[in-house]
Amino acid sequence: MMEFDSTHLWMHFWAIATAATVSAGCALVGSFLVVRRLSLLGDAISHAVLPGIVLAVLAGGRPGGAGVFLGAVVAALVTVWLTNLLGTHAGLAEDAGAGVAFTTLFAIGVVLVSALASRVDIDPGCVLYGILELVPFDTVPILGLEVPRALLAAATVLVVLVVAAALCWKELVFTAFDPAAARAAGLPVGLVSAGLLVATSLATVASFEAVGAILVVAMLAVPAAAAELLVRRFHRMLLVAVALGVAGSIVGYLAAWHFNTNAAGMIAVVLGIEYLLAALWAPGDGIVARVVSRESLRWRVACEDRLASLWRAEEGDAAALAPRTLLDRLAQARLVFGGRIVPGRAGGLTDIGREEARVIVRSHRLWEAWLGRHVALPLDHLHPPAEWIEHHLGAEVRGRIAADLEGDEGDPHGRDIPPEEFPRRPAEPPAR
Amino acid sequence: MSTTSAGLEFHDVTVAYGRRPVLWNVDLTVPGACLFGIIGPNGAGKSTLLKAALGLVPLAGGEVRILGAPLEQVRGRVGYVPQRESVDWDFPVTVTDVVLMGTYARLGWLRRPGPRERSLAAECLDRVGLADVADRQIGRLSGGQQQRVFLARALAQQADVYFLDEPMAGVDARSQERIFRVLSDLRAEGRLVVIVHHDLRSVAEWFDAVALIDMRLVATGPVAEVLTPENLRRTYAGRLDVLDEIGRAVAEGGRTP
C-alpha cells in the first residue's frame, strides 16, 4: 500500500474522479443501449476504434490528444456504418454484421500496432486494459490546477451527453420503445438512432484511456442492466445506472488500491458484483424475492392443509393425519403457538382454528362442485385441483361460485359444503 | 372534423422487399369516415399495405394520398397502432408514459408534455377503459390491455385517419368489444379507421367496407357486396403461383421458366 502523503492523495483523487466521470457517461449512454437490446454495440465500437487511434498517432497526433480522440470517433462511426452496410446490402443479420465489422477493424488495428511498433508509441496493453493509475500524470493546467487530460475529455463528453439527452429526451425514448410508431408520427428516427451511435462512440472513446477497450463494455452495459432490474421507469433507470456506475468506480478503485491490483479490472469486478446483488435483491422479480414468495406460499399451504385435515377429522370422515414432514411439524407448532390448535397429543382445533379451517374446506368443496358442474372431469379427478385452488380463493369469488351453484347441496362426493359464516355462538373456553 | 370525399387512395401501388414485389398494383380508394377492413390470408401483404400508406416501407411504384394530399403534408393527422408484438413490453415505462408518446410529435422539439397533455392522456386512457392501470408498468398488462394502451396512444395523437395493424390479435373478447366501440365512436366523429384484420366472423358486425387482399387487390367495396363466396375463394384459395414465380424472377434479375 502507498503512503498517505498529500501528493499521493491528490493522484488518487484525480484517478477516482476520472473513473467516476467516465462511468457516468457510459451508464447514461448504456441505459439507452440496454433498453434497445444493443449492449454489444458498445463492445463492437470499443474494439473498432483501435485502427483509428493508430492511424491518428501515425499522422502525428499525440496519444491522449484531440487529434487521436477524433481519429477514434471516426473509426467508431466507420464501424457503425459498416455494420449497417453489411446488414442492408450484404444481407447479413445485424449481430453478424457487427461481428464482422468490429473484429476486422480491431484486427487491422492490431496488425498496424505491431507492424509500426517502431514508429508509433502505443502500448497494446494500455489500449486493451487502460491504465487508470497513470491518468494523473498527463495533465493540463486549468485555473492554476493541474487537471488530468483524460478527466477533461471525459467531463466534456459527459456534459455533451447530458445536454443532448435532456434536449432530445422525448425523441430518444419514443424511438427506443417503438421506432415504427415514432417514424409514422413523423419523428426523425434515423437521425435519433444515428445520434445515439455517435454518443456511444464519444462515451467509449472518452473512456478509453482510463479503462481500455475491453472494460469499457462493462461500464456501458452492467450498471444499466442492473438498474433495469431495480426500477420500472426509464428516467429512474438512468439515474440509478449513473449512481451505480459512479459508486462502482469509487469502490472499485479503492479496492484496487487496497489489494494493489489493476484499477480498471477491479472496477469492472465491482460493477459485476453490483449486478449480482441487483439480481438477487430486485423487488418483485429478484431471486430472493421469488424464493421468499415461493417459500411463504409453501408455508401457508402447509398450515392451511393442517387445519383442513383436522376439520375433516372432526367431521368424522377420516382420522386426522399426523404431521409427517418437517414442514408439517413446523406448521403444527406454528398453529399451536398461534392459538389455532389445542396443545397436546390429541390436539383438536380451537374456535379460531375451526373458523379458518371451515373456510378452507368450504373453498375446497366449492371448487370441486364448480368443476363438477362446468368442467368435464371424472369424479376421482376433482380432488387434486381443489387441493391446489382452495388456497387461492377469496371471499368474493367464493360468494360468486356459491351463487352459481345455487340449488346444489353438497359437493360432488355428497359431503356438505360448510357455510361461509357460522351464526355466532357464545364463546366456549378452549377444551383442554 | 373535415374529411375530403376520399380518405385514402392507393394509385397503382407496388411494394417490393429488396427487388421482389410482395404487393402488386393495388388501386384502391377508401371513402372518408368509415371502418375499413383490410382482409386476407397470412402473408397476403396486409400489413405491408398499411406500412406503405404510412411511409414505413418504400414504394416500388405508384402513389398514396391521404385526405387528398401526400403523406408528408398530413402526417400530423395520421395515427398508427402497430402490431403488439412489434415492441418490447419489458421496456421500463408506465401506461401513462406510453400514451403521452402520442402527444410528442405535436409538441415538437424541446417541449415537454405538460398538464394539458397529461389530462389528454388520462382522457384517452379512460376512453379505452384503462384509467385504473395508468401508473402500471406496461409489462404487467394482459395482451388485451396492452393493445388498448396502443389504441390510447393513437387517440392522444388526435388524428383524422387511423391505421391499426391486427388490433384484435391475441386479444380477449372484452377488450375486443371495447376496441371496436372506440373505433365506431371515431367513425361517428367523422374519422377514417383502417384496420388490418384476420377474423372474418366479426367483419360483417363492425365494418362498413373492406378490401380483400392476396398479394394483389381481389375485391373492395361495402361488406355485403364484397364478402361473397366467390371473392373469398379467390382470396383464400391458395397462392397465385404466377405472382410468386415472377416475383422470384424479378428478385434474381432472371427470367421465369
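The values are calculated or read from the model by the stated rules, or taken from the named source; none is laboratory data. The model shown is predicted, which means the values in this text are computed figures rather than measured ones. Quick reminder, even Gly has a Cβ in these numbers, built from the backbone with ideal geometry, and neighbours come from all protein chains shown.
Per-residue answers, yes or no, for (1) at pLDDT 80 or above; (2) within 14 Å of chain B (Cβ to nearest Cβ); (3) out of contact with any helix residue (DSSP H, G or I) (no Cβ under 6 Å at 6 or more places or on another chain); (4) not in a helix (DSSP H, G or I):
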| site | (1), (2), (3), (4) |
| --- | --- |
| A:Glu3 | no, no, yes, yes |
| A:Phe13 | yes, no, yes, no |
| A:Cys26 | yes, no, no, no |
| A:Gly64 | no, no, no, yes |
| A:Gly71 | yes, no, no, no |
| A:Val74 | yes, no, no, no |
| A:Val80 | no, no, no, no |
| A:Asn84 | no, no, yes, no |
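The helices (runs of 4 or more DSSP H) located wholly in the range B:56-160 that include 3 or more residues which are closer than 30 Å to A:Ala225 by Cβ and away from chain A (no Cβ under 11 Å) occupy B:143-156. Checking each residue in the range B:219-257 for being small (Gly, Ala, Ser) and under 19 Å from B:Arg201 (Cβ atoms) picks out B:Ala219, B:Ala224.
Return the pairs, sorted by first residue and then second, in which the second residue is surrounded by fewer than 20 Cβ atoms within 10 Å (Cβ to Cβ), the first residue lies in the range A:217-238 and is within 9 Å of chain B (Cβ to nearest Cβ), the beta carbons are less than 6 Å apart, and the residues are 6+ apart or on different chains. Listed pairs, sorted by first residue: A:Arg232/B:Gln137; A:Met237/A:Val231. Between A:Leu197, A:Leu172, the distinction of being within 14 Å of chain B (Cβ to nearest Cβ), part of a helix (DSSP H, G or I) and under 27 Å from the mean Cα position of the chain (by Cα) belongs to A:Leu172 only. Taking into account only those residues within the range A:108-127 that are of a type outside the set (Ser, Thr, Tyr) and loosely packed, with under 14 Cβ neighbours inside 10 Å, which is modelled with the lowest pLDDT? The qualifying residue modelled with the lowest pLDDT is A:Asp121. For the range A:389-419, filtered to residues that are of a type in the set (A, V, I, L, M, F, W, C) and either outside the structural domain of A:Ala357 (by TED's automatic domain parsing) or more than 22 Å from A:Arg300 (Cα to Cα) (or both), the residue that is nearest to the chain's Cα centre (by Cα) is A:Ile401. Is there a residue being closer than 24 Å to B:Met168 by Cα and either surrounded by fewer than 21 Cβ atoms within 10 Å (Cβ to Cβ) or touching a residue at least 60 places away in the same chain (Cβ under 8 Å) (or both) anywhere in the range B:113-124? Yes, the range B:113-124 has at least one match.
Test B:Ile195 against the criterion of being touching a Lys or Arg at 6+ places or on another chain (Cβ under 8 Å) and crowded, with 20+ Cβ neighbours inside 10 Å, and give yes or no. Taking the combined requirement at face value, the residue does not satisfy it. In the range A:147-154, the condition of being more than 14 Å from chain B (Cβ to nearest Cβ), surrounded by fewer than 15 Cβ atoms within 10 Å (Cβ to Cβ) and either in a helix (DSSP H, G or I) or touching a helix residue (DSSP H, G or I) at 6+ places or on another chain (Cβ under 8 Å) (or both) is met by no residue.
Looking across A:Leu229, A:Leu161, A:Leu191, A:Leu167, one residue alone is among the aliphatic types (A, V, I, L, M), surrounded by fewer than 24 Cβ atoms within 10 Å (Cβ to Cβ) and within 15 Å of A:Val35 (Cα to Cα). It is A:Leu229.
For A:Leu191, the test of being in contact with a Gly (Cβ under 7 Å, 6 or more places away or on another chain), outside any loop (DSSP other than H, G, I, E, B) and either within 20 Å of A:Ile267 (Cα to Cα) or without any contact (Cβ under 8 Å) to a residue 60 or more places away in the chain (or both) is failed. For the range A:244-261, a tally of residues being buried (at least 19 other Cβ atoms within 10 Å of the Cβ) and more than 18 Å from A:Gly30 (Cα to Cα) returns 3. With respect to the conditions (1) part of a helix (DSSP H, G or I); (2) under 30 Å from B:Asp12 (Cβ atoms); (3) within 14 Å of chain A (Cβ to nearest Cβ), B:Ala204 falls short on a single one, namely (3).
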